[in-house]
Amino acid sequence: MTKKLIKVGIVGFGYMGHFHLNKANEMEGFEVVAAFDSNPDKLMDAQKAGLKACSTMKELLAIEDIDLIIIATPNQMHAKYAIEALNAKKHVLCEKPATMNCEEAKQVVECANKNERIFTVHQNRRWDLDYMVVQKVKEEKEIGSFTTIESRTYGQRGVCFGWRADPEAGGGMLYDWGVHLIDQILQLFPTNKVVSVYGRLLSVLTPVVDDYFEVKLRLDNEVCANVSVGTFALQDLPRWFVFGDRGTLKLDDFTGNRGGAARIKGTVKGFESVIGHKNLGPSRTMAHLEPENFEKLNLPIVEDKSMEFYRNLLGAIRGEEELYVTQEDILRLMSVVDAVFLSAAQEDIIKVSI
Ligand code: NAD
């Protein structure tokens with residue numbers, strides 16, 4: 001029996017609206033039929049792409065055979081459009097961040113449950129190659145148990161593009177990259193609680209919004225994750241640096257195959273074994289370990305799973321599988337984001353149980 005085609009309407013036909021059109025076209029089972037955008041030029045683009053161009057949300061939602069609405073507008077509109085779409089009995093895939101805060105996210109989730117429709121968020125960076133390598137190293141305990149995780153990405157251009165420079169639109173890097181990188185950390189520890197949150201938000205080159213931030217999350221297993229994002233750094237630091245209790249992992253970039261991992265052989269050698277390190281000043285603690293005491297590990301090879309999000313969404317809409325990006329994930333992430341903003345405003349560590 002041929003399965004029902006899931007008809008899709010896109011809200012916000014900009015960069016990500018086009019991205020979703022291409023992905024949905026790639027995935028057998030979806031058919032994008034219409035788009036709504038507040039900018040008439042984007043409606044022309046939609047027409048050129050063979051879609052029905054709607055100049056209001058009402059017009060889009062009136063298309064009865066649309067099953068799924070994909071929201072790809074600036075962030076401040078996500079909650080409003082999600083609620084309108086859910087009340088019109090459509091499933092919703094929303095771009096990240098789900099909403100501007102946890103309170104809004106709760107309202108959307110309640111609306112989804114009331115209408116018995118799916119509400120999920122495009123946390124696509126769960127399938128980034130670098131992240132899947134980190135996951136695999138953790139699962140296979142290649143460097144023992146993780147103790148501290150550094151996760152970061154820095155741009156060089158010193159800009160927050162377009163509406164990202166506007167706080168009213170939900171601009172700033174915490175809402176932009178922050179929600180991806182924090183979601184990744186939460187997914188590494190799905191059953192642990194975040195017990196404290198520290199956030200520092202700076203406007204270095206872009207006034208009014210955060211174009212650099214640091215977030216420190218401490219978990220109830222004593223793991224600490226340090227996440228930072230900036231738009232202006234002209235030197236590179238590794239994308240990931242992970243301390244384990246048996247070794248260390250460094251991933252240089254998003255490819256997931258540049259960097260290295262190493263693990264101690266036997267037990268860590270104490271001072272007695274230190275012969276001295278000619279390039280170092282007077283320290284035994286920081287003296288390098290002789291190479292025979294540790295092994296270099298091959299980085300795990302991970303396969304490209306960039307279509308997995310859409311495959312899962314299709315399955316979930318058809319009632320065949322559970323969603324990957326759940327309501328609990330969405331509320332947990334937005335609670336952490338709230339705590340980061342609070343911490344930054346109060347210049348203090350916020351104790352939580354998230
Ligand atoms: P964009 O500026 O390229 O596109 C936004 C579109 O929304 C524009 O066409 C604009 O005209 C339209 N729009 C603005 N206000 C509107 C309104 N009130 N009603 C209807 N349409 C409106 O922005 P973008 O980079 O595509 O970002 C869109 C969303 O996608 C954001 O939420 C962003 O955080 C998210 N995003 C996600 C990823 C990812 O990897 N998941 C990557 C980039 C952006």
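Once each part is reduced to its C-alpha centroid, what is the distance from region 104-135 to region 336-353 in angstrom?
Using only Cα atoms to place each centre, the spacing works out to 22 Å.
Roughly what percent of Cα-Cα pairs across region 209-354 reach past 23 Å? Each step should come with its number before you reach the end.
On the way: 6695 of 10585 pairs.
Value for region 209-354 (Cα pairs over 23 Å): 63 percent.
Based on other C-beta atoms within 10 Å, arrange Val352, Val109 from fewest to most. List each step's numbers first, then the result.
Working: Val352 18, Val109 22.
Going from sparsest to densest Cβ surroundings: Val352, Val109.
Just how far, in whole angstrom, is region 191-217 from region 44-67 if you go by their alpha carbon centroids?
Centre-to-centre (Cα) distance: 37 Å.
What pairs from Lys141/Lys193; Lys3/Lys23; Lys114/Lys193; Lys89/Lys305; Lys4/Lys52 go past 26 Å between their alpha carbons? Numbers along the way, then the final one.
Details: Lys141/Lys193 21 Å; Lys3/Lys23 19 Å; Lys114/Lys193 28 Å; Lys89/Lys305 30 Å; Lys4/Lys52 21 Å.
Listed pairs above 26 Å: Lys114/Lys193; Lys89/Lys305.
Determine the distance separating the Cα centre of region 291-321 from the Cα centre of region 229-250; give it in Å without decimals.
Using only Cα atoms, the two centres lie 21 Å from each other.
Restricting things to alpha carbons, tell me how big the chain is in terms of Rg and Dmax, in Å.
22.7, 77
What distance in nm separates the two pseudo spin-label positions at Thr285 and Lys193, each 7 Å out from Cα along the beta-carbon direction?
3.3
Please rank Asp176, Asp348, fewest neighbouring Cβ atoms within 10 Å first, as an exposure proxy. Intermediate values should be presented prior to the final figure.
Details: Asp176 22, Asp348 11.
So the ranking, lowest neighbour count to highest, is Asp348, Asp176.
Give, rounded to the nearest 20 debye, the magnitude of the charge dipole that the chain has about its Cα centre when Lys and Arg contribute +1 at Cβ and Asp and Glu contribute -1 at Cβ.
Details: 42 positive and 50 negative charges, 86 e Å.
Charge dipole of the chain: 420 debye, to the nearest 20.
Would you calculate the separation in nanometres between label points at Lys136 and Glu320, each defined as 7 Å from the Cα along the Cα-to-beta-carbon direction?
2.6
Which is farthest toward the positive dipole end of the chain among His91, Gln76, Leu237, measuring Cα position about the Cα centre, with Cβ charges +1 (Lys, Arg) and -1 (Asp, Glu)?
Result: Leu237, furthest along the dipole toward the positive end.
Between Val325, Val340, Ile354, whose Cα lies farthest towards the positive end of the dipole of region 277-354 when Lys and Arg beta carbons carry +1 and Asp and Glu beta carbons carry -1, centred on the Cα centre?
Value: Val340.
If I stretch the segment between Asn25 and Arg246 completely, what's the gain in nm (0.36 nm per residue apart, minus their alpha carbon distance), one decimal? Present the calculation step by step, with values, prior to reporting the outcome.
Working: separation 221, 0.36 × 221 = 79.56 nm, distance 4.51 nm.
Length gained, Asn25 through Arg246: 75.1 nm.
Semi-axes of the equivalent ellipsoid of region 169-246: what are they in whole Å, largest first, if each equals the square root of 5 times a C-alpha gyration tensor eigenvalue? Can you show the working numbers first?
Working: eigenvalues 118, 46, 21 Å².
For region 169-246, the semi-axes come out at 24, 15, 10 Å.
With viscosity set to 0.890 mPa s and temperature to 25 °C, compute the Stokes-Einstein D of region 20-69, Rh being the Kirkwood radius across alpha carbon pairs; µm²/s, no decimals. Please report the intermediate quantities before stating the final value.
On the way: Rh = 11.3 Å.
Translational diffusion coefficient: 218 µm²/s.
Mind sorting Trp177, Trp127 by how few other Cβ atoms lie within 10 Å of their own Cβ, fewest first? Don't skip to the end; give the middle numbers.
Values: Trp177 22, Trp127 16.
The fewest-first ordering by Cβ neighbours comes to Trp127, Trp177.
Which value, in debye to the nearest 20, describes the size of the charge dipole of region 148-221 about its Cα centre when Lys and Arg Cβ atoms bear +1, Asp and Glu Cβ atoms bear -1, and nothing else is charged?
My answer is approximately 200 debye.
What whole-number value in cubic angstrom gives the convex hull volume per residue for the C-alpha atoms of region 75-119? Working shown, then result.
Values: hull volume 2.3 nm³, N = 45.
About 51 Å³ per residue, rounded to a whole number.
Could you check the simple spin-label distance between Lys114 and Asn226, using points 7 Å along Cα→Cβ, in nm with one decimal?
The answer from the label model is 4.5 nm.
Bear in mind that the values in this text are calculations on the coordinates, not laboratory data. Values in this document were obtained by computation on a predicted structure and should not be read as measured data. Reconstructed Cβ throughout: ideal geometry from the backbone, glycine too, with neighbour counts over all protein chains shown.
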